[in-house]
1. With charges set only on the Cβ (+1 for Lys and Arg, -1 for Asp and Glu), what does the dipole of region 29-166 come to about its Cα centre, in debye to the nearest 20?
2. Got a sec to turn the phi values of region 134-146 into Karplus ³J(HN,Hα) couplings, 6.51 cos²θ - 1.76 cosθ + 1.60 with θ = phi - 60°, whole Hz, x for Gly and Pro?
3. Can you pull a Stokes-Einstein diffusion coefficient for the chain at 10 °C (1.306 mPa s), Rh from Kirkwood over Cα pairs, as a whole number of µm²/s?
4. In nanometres, what is the gap between the two model label sites at Ile133 and Lys107, each 7 Å from Cα along Cα-to-Cβ?
5. Can you tell me the length gained on complete extension of the stretch Ala74 to Val9, counting 0.36 nm per residue apart and subtracting the Cα distance?
6. So, by mean Cβ neighbours within 10 angstrom, what's the order for 56-64, 122-130, 5-13 with the highest one leading?
7. Using +1 at the C-beta of Lys and Arg and -1 at the C-beta of Asp and Glu, which of Ser153, Ile88, Ala127 has the Cα lying farthest in the positive direction of the dipole of the chain?
8. Would region 112-155 count as rounded, prolate or oblate if I go by the C-alpha gyration tensor, calling it rounded below 1.5 in a/c and otherwise prolate when a/b exceeds b/c, oblate otherwise?
Amino acid sequence: MNLADVFTVVLVIVGFLAVFVGIWLAAAGLFPAAVERCAGRLGTSPVKCALVGAVCAIPLLVVGIIIGNVAPNAPVKVLSFVIIVSTILAALIGTSGLALRIGQGLKSARDDDSPWLRVRRGAVVLALTYGTIVLLPVTLVAGFGALVLGLFSRENSSGGRVPEAP
């Protein structure tokens, strides 16, 4: 392996990590309430988020792969692609809550003026931890679970319970 091969591998990895940071920042900008709910969920019950994510995301991915392998025509293969990509994007949106949670722990004086800096700081730290490879699927599954729990919970974004209808 020569130096060009090493640089190719390193720069591809750095590129993927930069894309993750960009997706997390975009998710925080587009869906701030959902990202805050995910951050709260991951902060209070990360194991529950990981279990719910595993129960929900893994079957979706398996179904998407099976449909793609047995599909006789292109429209069904496109459906398989949509299932897989939407599951991964949902996991990344949920994981942006983890980036926000990490960034909230790394306080700065500029947070009041630019709240997105919390997500960026947390995203950089989270992306650096992906060098271990083990944390990538764990955080994606937990992020998916946090998003599912946040979407189907009866809590509002301030953390209080929504009163039951009479």
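1. Dipole of region 29-166, to the nearest 20 debye: 160 debye.
2. 5, 6, 4, x, 5, 6, 5, 5, 5, x, 5, x, 5
3. The diffusion coefficient I find is 93 µm²/s.
4. A separation of 3.9 nm, rounded to one decimal place.
5. Using 0.36 nm per residue and subtracting the Cα-Cα distance, I get 20.2 nm.
6. The peptides rank, most packed first, as 122-130, 56-64, 5-13.
7. Ser153
8. Details: a/c = 5.12, a/b = 1.08, b/c = 4.74.
Taking the square roots of the gyration eigenvalues as a ≥ b ≥ c, region 112-155 is oblate.
The values are calculated or read from the model by the stated rules, or taken from the named source; none is laboratory data. Source: prediction; values computed, not measured. For neighbour counting, all protein chains shown are included, and Cβ atoms are generated from backbone atoms with ideal geometry for every residue, glycine included. Heavy atoms of the whole protein, side chains included, go into the accessibility calculation; ligands, DNA and RNA do not. Shrake-Rupley method; radii C 1.70, N 1.55, O 1.52, S 1.80 Å.
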